[in-house]
Structure formats: structure tokens, C-alpha cells
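Single-structure report; data block below.
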Amino acid sequence: MKLLKLYEWIAGKMTDFLSQFQNNESLYQQARVFWNKLEGISTILLIIFLVLGILLAFFYYKPYNNRPGRHYTPAHWLFFLLVTFIAGFAVTYGVEYLMVPPRLNGAWKLEFMIALGNAIYASAVYFIVSVLWCNFLPTNAYRLFKF
């Protein structure tokens, strides 16, 4: 699946990435292979932000807020949002680096931007799950988004 289009707003298009290698045919071909490998793991990137966003929201609304102690403030929700962002970035960058090692100058920037985009998407999923949970599911947490 061609899911790297989800990241064009932050990482740019394939032509933008390849344009820096136009003067050297060998590097240009390596850059195309690199982009295609990233495209190949794009489904994994999608799964990462969905799973992290949903999993961390579930952990916040169920196990974390059912423990003894006062966890019911918006600051705790924001802390989990920050954890979601950092985890989304770190896991995505790690997966990209291990599955498609950058062997080109400038490739690390593309991976960094995709990881940043994935962290933003994971945070958005966390936010959406939070809104749904506050309105439709039982929780001890502060209902920040109750309508």
C-alpha cells in the first residue's frame, strides 16, 4: 500500500526527496530504493500510531485511573498525551532505522520527519479515543471532553 502519502504534509513528496540526488545517477537510484523500502513498511507505520494511541488511551482510562490515588486531573491526561507523542516518535524512528537503515546523506531527515508525523498521528488517535471514552464509556478519569 502506498501510505507514505499520509506524511507528505510534513516529509514532502518523493520528487522533493529525490531532487537532491539528481546530479548523481547512482545516488539517485539508491534514493529511489530507499523511498520504496520506506513505502514497503508504511503499513507498519500506520499500525504503530493506531496501536500506540489506542493502547495508551486505554491504559490511562482503565488501569491507571482505577489505581488508588488521585489521578483525575487534566495534567495527568496531558502527561499521557506527551508519553504518546514521545513513544510514537521513538518507536517509529526505531522501526524505520532498523528496517530501512539510512545509507544516504539526507535520508535521516526524511525518517525523522516521518517519525514526527507518526507521533502527531498517534497523539491525534489518543485525543479521539479520549473524546469517545469520555462520552460513551465508564471511567474514573476527569471527563475533560464530556459533551
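Scan segment 1-18 and report the pairs whose first residue is free of Cβ contacts under 8 Å to residues at least 40 places away in the same chain and more than 14 Å from Ile47 (Cα to Cα) and whose second residue is surrounded by 14 or more Cβ atoms within 10 Å (Cβ to Cβ) and of a type in the set (Lys, Arg), with Cβ atoms within less than 9 Å and a gap of 6+ or a chain change.
Listed by first residue and then by second, the contacts come to Met14/Arg32; Leu18/Arg32.
Of the conditions (1) surrounded by 13 or more Cβ atoms within 10 Å (Cβ to Cβ); (2) touching a residue at least 60 places away in the same chain (Cβ under 8 Å); (3) under 28 Å from Leu3 (Cα atoms), Gly88 fails just one. Which one is it?
All conditions pass for Gly88, except number (2).
Which helices (runs of 4 or more DSSP H) does segment 7-105 wholly contain that include 3 or more residues that are of a type in the set (Gly, Ala, Ser) and at pLDDT 90 or above?
On the way: elements: 8-11, 14-19, 25-40, 42-59, 74-99.
Output list reads 42-59, 74-99.
Name the residues in segment 125-140 that are assigned to a helix (DSSP H, G or I), surrounded by 15 or more Cβ atoms within 10 Å (Cβ to Cβ) and touching a residue at least 40 places away in the same chain (Cβ under 8 Å), would you?
Val125, Tyr126, Phe127, Val129, Ser130, Trp133
State all residues of segment 91-117 that are surrounded by fewer than 16 Cβ atoms within 10 Å (Cβ to Cβ) and without any contact (Cβ under 8 Å) to a residue 60 or more places away in the chain; if no residue qualifies, say none.
Gly94, Tyr97, Leu98, Pro101, Asn105, Trp108, Lys109
Yes/no per residue for (1) out of contact with any Gly (no Cβ under 7 Å at 6 or more places or on another chain); (2) among the hydroxyl-bearing types (Ser, Thr, Tyr):
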residue	(1), (2)
Leu78	yes, no
Phe89	yes, no
Thr92	yes, yes
Val100	yes, no
Phe112	yes, no
Gly117	yes, no
Ala122	no, no
Val125	no, no
Leu132	yes, no
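Could you tell me whether Ile120 is in a helix (DSSP H, G or I), touching an Asp or Glu at 6+ places or on another chain (Cβ under 7 Å), β-branched (Val, Ile, Thr) and in contact (Cβ under 8 Å) with a residue 40 or more places away in the chain?
Details: in a helix (DSSP H, G or I): yes; touching an Asp or Glu at 6+ places or on another chain (Cβ under 7 Å): no; β-branched (Val, Ile, Thr): yes; in contact (Cβ under 8 Å) with a residue 40 or more places away in the chain: yes.
So Ile120 does not fit the description; no.
Looking only at segment 108-117, count every residue that is under 13 Å from Gly12 (Cβ atoms) and either of a type in the set (Gly, Ala, Ser) or not in a helix (DSSP H, G or I) (or both) and tell me the total.
Qualifying residue count for the region: 1.
The values are calculated or read from the model by the stated rules, or taken from the named source; none is laboratory data. In this text the structure is predicted, and so the values were computed from the model without any measurement. All Cβ positions, even for glycine, are placed from backbone atoms using ideal geometry, and neighbour counts span all protein chains on display.
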